[in-house]
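Okay, structure first, notes after.
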Amino acid sequence: MKDCYKFNTRVMHDCKEKDAFNALVPPIYTSASYRFNSAEEGGSSFRGETNCFIYTRLGNPTTKILEKRIASLEEGEEAIAFASGMGAISSVFYTLLSNGDHVVADKTIYGCTFALLNHGLTRLGIEVTFIDFKEESTLKNALKNNTKVVFFETPANPTLKIIDIEKVVKTVKQYNTNIQIVCDNTFATPYHQQPLTLGVDIVVHSGTKYLNGHGDAICGFVIGRKEFIDQCKKVGLKDLTGAVLGPMEAYLVIRGLKTLALRMERHSQNALKIAQFLASHPKVEFVYYPGLPSFLDHDTAKKQMKNGFGGILSFVLKGGMDQGIKLINSVKLINVAVSLGECESLIEHPASMTHSTYTECERLASGIEDGLIRLSVGIEDASDLIADLSQALEKI
Ligand code: LCS
């Protein structure tokens, strides 16, 4: 199907399955387990010789539609849905890594992913090196004989740093083609960027964000080649994390996905307008948004992102953290909350909230300043959002 239809069509039409009543909207199959017609059929299902559903942790008809659709949107062979983005990321790491292995990760990533790598994996005897992937020679020098996984986000949470995906692929694969390159595509979504088409091996998502888009479900995804997805299902999900997505949430994400392209278009347009407004405001020190020509990584973003630059921006006010906190406390329409990628705009302070898992020293070395404020721009009317920021800026 993905060869015939464009992205905007595939978000709602791809991988439809006929149910008994020919329902237009996929039914929610809540059953934890599925009946076998015989003991023999049960046995052959467990040996993987049938396409029967067995038990919802191993597969579910509602979730399967979602998985196929996500794989199609990311141009991947297959996908698995997880109970959260962290469930997806930890299942990938547990599938690929054992004691004695080495991971190279970019140092600017979501706070809990940083904690998983820095504290979780290292406790299991896995060595982790954090570097800046924008420095090609630093990446090259960090790779070792026991390096199994390379991990990064682009745009990165919360600084919007852009990593040149093709350059990373070239550097890593030149060193060792077996190293698995994992890219967290949460901020861009496949609407703006499809890392698998640029040579990345595995894409992960917090589907809690744009893919669902309505802030009413926690979920995650892993997309990649069939061979890896099979392994991740059997080892990462089944044996190690058990972080399976429930069918109710799967249904919500199927519904949310229908408007992914429309929402991303508006998120991006609004974010650009707000970035331009903030960049020209006398009380603003700096705006981090890949769509601004003044942003250091604008050219790389232009090269690998399409249809715009996403809905997240960060900024620092003159006067730093104190002024930033005052601004957060002065907005009236924008919600003070973590998470991102929802229809409603959300504002937060990474240093004390989403990235408080970093020590101050680690955080500053990763470019996450004390005064950085992150804004997830929603799909409200841009002029109302600008008016809200404007009145808040007047108060500081
Ligand atoms: N990857 C990225 C880039 C994220 O931003 C998050 C969550 C995750 C993975 C984890 O996904 P989850 O398990 O929450 O579905 N980021 C959050 C944030 O910036 N604020 O609240 C959550």
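Residue 57 versus (1) open to solvent by 50 Å² or more (accessible area, probe 1.4 Å); (2) over 24 Å from the mean Cα position of the chain (by Cα); (3) of a type outside the set (Gly, Ala, Ser): which is the lone unmet condition? Status for residue 57: all satisfied but (2). When residues in region 185-195 are screened for being within 16 Å of the ligand (Cβ to nearest atom) and either open to solvent by 10 Å² or more (accessible area, probe 1.4 Å) or within 17 Å of residue 104 (Cβ to Cβ) (or both), 4 of them pass. Counted as qualifying within region 233-352 are the helices (runs of 4 or more DSSP H) with 2 or more residues that are touching a strand residue (DSSP E or B) at 6+ places or on another chain (Cβ under 7 Å) and not aromatic (Phe, Trp, Tyr), namely 260-279, 320-330. Pairing residues of region 103-120 that are open to solvent by 10 Å² or more (accessible area, probe 1.4 Å) with residues that are among the aliphatic types (A, V, I, L, M) and more than 13 Å from the ligand (Cβ to nearest atom), at Cβ distances under 8 Å and at least 6 apart in sequence or on separate chains, gives 107/131; 107/365; 118/128. Of the residues making up region 102-117, at least one is of a type outside the set (A, V, I, L, M, F, W, C) and away from the ligand (no atom under 16 Å from the Cβ).
For region 165-184, the count of residues that are buried (at least 24 other Cβ atoms within 10 Å of the Cβ), in contact (Cβ under 8 Å) with a residue 40 or more places away in the chain, of a type outside the set (Gly, Ala, Ser) and more than 18 Å from residue 84 (Cα to Cα) is nonzero. Quick check on my filter: what residues within region 354-373 are surrounded by fewer than 15 Cβ atoms within 10 Å (Cβ to Cβ) and within 16 Å of the ligand (Cβ to nearest atom)? 356 - this is the single residue of region 354-373 that is surrounded by fewer than 15 Cβ atoms within 10 Å (Cβ to Cβ) and within 16 Å of the ligand (Cβ to nearest atom).
Looking only at region 218-229, filter to residues that are open to solvent by 50 Å² or more (accessible area, probe 1.4 Å) and in contact (Cβ under 8 Å) with a residue 24 or more places away in the chain; which one of those is nearest to the ligand (Cβ to nearest atom)? Only one residue fits best here, namely 218.
The values are calculated or read from the model by the stated rules, or taken from the named source; none is laboratory data. Given the structure is predicted, the values throughout are model-derived calculations rather than measurements. Positions of Cβ are generated from backbone atoms using ideal geometry, with glycine treated the same way; all protein chains shown enter the neighbour counts. Accessible surface is based on the protein model in full, side chains and every heavy atom, while ligands, DNA and RNA are left aside. Shrake-Rupley method; radii C 1.70, N 1.55, O 1.52, S 1.80 Å.
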